[in-house]
Each structure stands twice: as structure tokens, then as C-alpha cells.
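The block underneath contains the structure these notes are about, expressed in C-alpha cells.
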Amino acid sequence: MKKGTLFVVSGPSGCGKGTILAEILKNPNIYYSVSATTRGMRPGEVDGVNYHFFTREQFEQLVQEDGVLEYAEYCHNYYGTLRKPVEEHLNAGQDVILEIEVVGAMKIREKCPEAVFVFILPPSLTELERRLHKRGTETEEVVQNRVAQAEREIRCAESYDYVVVNGALEDAVQDLDAIIRAESCKTKKNQYKIDEVLGK
Ligand code: 5GP
């Protein structure tokens, strides 16, 4: 059976990757990997849905047991991808999406060279700043920190396979969907179909 494809999606805070992924994940054949984190739960978040919320001790234990594919420290908290569910879904032929920051993404690049890397870009830093202000939940200082952090993250975008600019949401969703579809048609993933047609 054909193995699923691992997609790694990164992008700065405020670039709209959550909204794009919510649309993409309406496709039931794609599995979204729920990460483990040591950060506190935000209002409205649910343990096991948004993240698996762990203590630092639990997280370190998980890392020791080789339970994560990658992990990184971001804003003083650990974030990591749980190995078991990702491997199980890929082996069952399902595509898997990891939504992770750039350091973790580069670790996946080393471990899983066949993974596909997509960076979500805001149309400009000015637009990103405008969107962060619009959220209205952050102080000016926090917004400026996020813009500076975004700039650092965007410098890593050139190591990704694809870039999707989130100007108009619908276009960005279509672009990501097109990437996922094209990857599933790659010859190396479909040798079995060629053999089937040839009766091999
Ligand atoms: P937030 O705290 O806003 O939910 O996430 C902060 C950052 O951590 C985001 O850039 C998000 O993509 C990233 N992140 C979430 N899960 C993981 C993970 O499992 N591994 C890594 N390396 N980063 C993650």
C-alpha cells in the first residue's frame, strides 16, 4: 500500500496558517498531528485537541523514551511532535500535516528527507503587523516582538520546498491544496499504479 506523505507547515504567528489549515483539514483523509507542549492552556483550548498539555517532567520523560520525532524550545516552552500517531497514520496511507516552527522543521528535514516543507508567508511585514494589532489581544511591545520574530522565521523560508503567500485566504487554501494533490501524483509514490495497469 502507498505510504502517506508527511507535510511540514511553518509560518510566523499572525500569518493565518491556522485558518488555512482549518480549511485543508476539512478533507478527512488528512491527519493533523496534535503536538505535545509544556505551555499553559489558552482559553478555549482542549487537551488532546489543540495540544497534549504536559508538565516539563512529563515532556522530558517523553523525549528520553524517544517518543518525539522532533522537539524545540519556543518562547520558553517545549513543543514536540509525537512519533507514534504520525508513523501509524503514514503507514496506514494517510497524509499527515505537522504545524511546527522552523527549528523543529529543519530537524524533520534531516530525519525524514522525503517530507514536503511548506512555508506560509504574510504578504508583507506591514500587513502582518496590522493583523497582529487587529487581534487586539496583545500589547504594542508583544506585537513588535512578534514582528521581529516573524522576520527571523521568514529568513528560514528559503529552505522550504514551497512558499504560500496568504494574501487572499481562498488563494492560499487553493495553493496548499494544489501542493498536497501534486505530491500525491509524484511518480515515485505511484509505481504500484503503473505496475497495476501493466498487470505486473
Ligand atoms: P503556539 O504556542 O502559538 O500554539 O505555538 C507556538 C509555535 O510552536 C508555533 O510556531 C507552532 O507552529 C509551533 N509548534 C507547535 N507544535 C510544535 C511541535 O510539535 N514542534 C515544534 N518544533 N514546534 C511546534
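Taking the alpha carbon gyration tensor of the chain, what are the square roots of 5 times its eigenvalues, largest first, to the nearest whole Å? Don't jump to the answer; show the numbers that get you there.
Details: eigenvalues 178, 99, 42 Å².
In descending order, the three semi-axes are 30, 22, 14 Å.
Along the Cα-to-Cβ line of GLN94, 7 Å from the Cα, sits a label point; which residues in the stretch 1-33 have backbone N less than 18 Å from it?
What the label zone holds, given the 18 Å backbone N cut-off, is 1-9, 21-33.
Among 5-18, 36-49, how do they line up by average Cβ neighbours within 10 Å per residue, starting with the highest? Intermediate values should be presented prior to the final figure.
Numbers: 5-18: 22.8, 36-49: 11.6.
The packing order, highest mean first, is 5-18, 36-49.
Give me the three principal axis extents of the stretch 105-200 from the C-alpha atoms, as integers in angstrom, largest value leading.
Here the spans come out as 64, 31, 20 Å, largest first.
Which number gives the lysine pairs in the chain that have C-alpha atoms under 13 Å apart and are eight or more places apart or on different chains?
On the way: LYS2/LYS186; LYS2/LYS188; LYS2/LYS189; LYS2/LYS193; LYS3/LYS186; LYS3/LYS188; LYS3/LYS189.
Close lysine pairs under the 13 Å cut-off: 7.
Count the DSSP beta bridges whose two residues both fall in the chain, then state the antiparallel fraction as a percent rounded to the nearest 5.
Values: 8 of 26 bridges.
Restricted to the chain, the bridges split so that about 30 percent are antiparallel.
What's the FRET efficiency of HIS76 with GLU110 using the Cβ-Cβ distance as r and R₀ = 25 Å, to the nearest 0.05?
Numbers: r = 25 Å, r/R0 = 0.98.
Plugging the Cβ-Cβ distance into 1/(1 + (r/R0)^6) gives 0.55.
Between LYS2 and SER159, what length comes free when the chain is fully extended (0.36 nm per residue of separation minus the Cα-Cα distance, one decimal in nm)? Provide the component values of the computation, followed by the final result.
Details: separation 157, 0.36 × 157 = 56.52 nm, distance 2.67 nm.
So the extension gain works out to 53.8 nm.
What residues qualify as long-range amide H neighbours of VAL68, i.e. H under 5 Å apart, gap of 5 or more or another chain, H built at 1.01 Å from N?
It is ARG83, by chain and number.
How high is the relative contact order of the chain, in percent, counting Cα pairs under 8 Å that sit 6 or more residues apart? All intermediate terms of the calculation are to be shown ahead of the outcome.
Values: 271 pairs, mean separation 61.7, N = 200.
Computed over the chain, the figure is 31 percent.
Which order do the peptides 123-136, 164-177 come out in when sorted by mean C-beta neighbours inside 10 angstrom, highest first?
Values: 123-136: 13.9, 164-177: 16.4.
Order by mean packing, descending: 164-177, 123-136.
GLU87 to GLN58: extension gain in nm, 0.36 nm per residue of separation minus the Cα-Cα distance?
Working: separation 29, 0.36 × 29 = 10.44 nm, distance 2.11 nm.
Gain on extension, GLU87 to GLN58, equals 8.3 nm.
Since every read-out is calculated from the coordinates, none of them should be taken as a lab result. Every value quoted in this text rests on a predicted model; they were computed, and no experiment measured them. When we count neighbours, we look across all protein chains shown, and the Cβ atoms used for this are built from the backbone with ideal geometry, even at glycine.
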